[in-house]
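Visitor: Once you've had a glance at the structure underneath, I'll fire off some questions.
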Amino acid sequence: MAIFHLSVKTVSRSTGRSAVAAAAYRTGDTLTNERDGRQHDYANRTGVDESFIIAPVGCEWAHNRSALWNAAEQAEKRSNSVTAREYVLALPAELDAKDRADLARSFASAVVERYGVAADVALHAPSAGGDDRNYHAHILTTTREVEPDGLGKKTRILDAAKTGGPEIESLRELWAMQCNEVLERHQKPGRIDHRSYERQGVDEMPTLHLGPTSTTMERRHKAEQERKGEPYKPRTFKARENERRRTLNDHVQEIVRELAATVREVAAQAMDARRKGVNGLLNALRVKGKQEADEQARRAAEARKREEERKEALRQQALRDARERAVQEAKGRMTDMVKKAQRLAPDAREKFLAGEYPSDPFDRALKAHRHPLGTAGLDAEEKAVKAHLKVYQEQEKRQQTPARGRGRGGPSRSWSRDYDSGPSFDFMK
């Protein structure tokens, strides 16, 4: 069954990445970053089915992968610049290789036409030991418009806080529409929807996206359990939570199926009695069937209510546990930030803080997305870290200034008594 997945990421220097390295890795190519002289050789990488570049009309130079991504690197001067944008798409496993490639090409062409950028498309096959339906595409695009003689202005519509969200939602809807058109044309039964279950009105708990880290851990754990001859049980939190949600969904569906089977059984009995012409038996069956159906319906309603209450209790507990883990992770992160900043020279601290707490809305939104407590946690962390550093810097100055008030009896006051033990983390509770 086809599934929907479309995520949008960025390649930023603030995280130590480059567009040249990203393109080489995703396409299985060998490229040299002219900016720093580093060569990225992934020519022996497996799992890349096909790769190609789509560029605006008249921009033939952009079809040279090395020229395109070195131009993207050279066009940006800031140390925290975003040099590329990446779209990750789940391709329908029901289609053959040619149809999957045509579908990815169609979406990439729409992105190129809409924003005037160039797109480097890499089609990946499922990894060994993973889900054999996991065909997907990585589409790496420039963050600037591509012109016949080079790169032009930035595509700010995807960077701005007000327009970025609606634009991505529009692209998600476009991808769902393109997939469904191809599935229908090839007479495949599956359809996808870019909306959440809640927006679709589906009474079902969605599963969590594992991501590369959890997926790798689960594969290793599964292989180890198979070697030991033991049954596989999920190890990571996300995998365990997905198994629990699937169990709950299956249980609810089983209740619905049992209720439907009961109704069908009563209806079949009534039809059989009618065919035999036994009016008395027919009336008795109708009464009995109605009573049984009412009782089954009552029991099913009670069961659904109990299950919903249990699901809600489990959901609330999971939210509390997740919140507690996020708070603990945020506390550890804050402590690490303070220690990192203290180890830096005073003139390097400002650059470090600017990288960790950028003022650019889009970059800050990305940082907040990776923070355990989101935007509020990032803002509070920045405030606490800067407050501590301010106290720490004042203490450094006092330590460097010769002590006053010394007499024959020794110093009148020890500076160590004024030393601040660190910022408070109570705001995260």
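The values are calculated or read from the model by the stated rules, or taken from the named source; none is laboratory data. Everything quoted here is computed from the prediction, not taken from an experiment. All Cβ positions, even for glycine, are placed from backbone atoms using ideal geometry, and neighbour counts span all protein chains on display. Just the protein is used for accessible areas: all its heavy atoms, side chains included, with ligands, DNA and RNA removed. Shrake-Rupley method; radii C 1.70, N 1.55, O 1.52, S 1.80 Å.
Visitor: Here are some conditions: (1) farther than 28 Å from Gly355 by Cα; (2) open to solvent by less than 20 Å² (accessible area, probe 1.4 Å); (3) modelled with pLDDT under 95. Cys59 meets all but one. Which one does it not meet?
Guide: Status for Cys59: all satisfied but (3).
Visitor: Just the residues that are open to solvent by 20 Å² or more (accessible area, probe 1.4 Å) and more than 27 Å from the chain's Cα centre (by Cα), please, taken from region 66-81.
Guide: Ser66, Ala67, Ala71, Gln74, Ala75, Lys77
Visitor: I've got another one for you. Among the candidates Asp379, Asp418, single out the residue that is more than 19 Å from Gln342 (Cβ to Cβ), open to solvent by 30 Å² or more (accessible area, probe 1.4 Å) and either under 32 Å from the mean Cα position of the chain (by Cα) or at pLDDT below 65 (or both).
Guide: Just one listed residue meets the conditions, Asp379.
Visitor: For Glu350, all conditions in the list (1) closer than 24 Å to Val82 by Cα; (2) under 29 Å from the mean Cα position of the chain (by Cα); (3) open to solvent by 40 Å² or more (accessible area, probe 1.4 Å) hold save one; what is the number of the exception?
Guide: Single failed check for Glu350: (2).
Visitor: While we're here: Please go through region 82-108 and pick out each residue that is more than 23 Å from the chain's Cα centre (by Cα) and within 13 Å of Ile3 (Cα to Cα).
Guide: Glu94, Leu95
Visitor: Quick one: which of Ala122, Ala108 is buried (at least 22 other Cβ atoms within 10 Å of the Cβ) and in contact with a His (Cβ under 6 Å, 6 or more places away or on another chain)?
Guide: The unique qualifying residue is Ala122.
Visitor: Condition first: modelled with pLDDT under 85, surrounded by fewer than 10 Cβ atoms within 10 Å (Cβ to Cβ) and of a type in the set (Lys, Arg). Can you find one or more residues in region 262-275 that meet it? Give the derivation first.
Guide: Filtering region 262-275 down to residues modelled with pLDDT under 85 leaves 262-275.
Okay, now just the ones that are also surrounded by fewer than 10 Cβ atoms within 10 Å (Cβ to Cβ), so 275.
So of that shortlist, the ones also of a type in the set (Lys, Arg) come out as 275.
Looking through region 262-275, at least one residue is modelled with pLDDT under 85, surrounded by fewer than 10 Cβ atoms within 10 Å (Cβ to Cβ) and of a type in the set (Lys, Arg).
Visitor: Could you please find all residues in region 50-102 being over 20 Å from Leu366 (Cβ atoms), assigned to a loop (DSSP other than H, G, I, E, B) and among the small types (Gly, Ala, Ser)?
Guide: Passing the criteria: Ala55, Gly58, Ala93.
Visitor: Take the residues in region 145-203 that are assigned to a loop (DSSP other than H, G, I, E, B), β-branched (Val, Ile, Thr) and farther than 23 Å from Asp363 by Cβ; name whichever of them is modelled with the highest pLDDT.
Guide: So, considering only residues that are assigned to a loop (DSSP other than H, G, I, E, B), β-branched (Val, Ile, Thr) and farther than 23 Å from Asp363 by Cβ, the one modelled with the highest pLDDT is Ile192.
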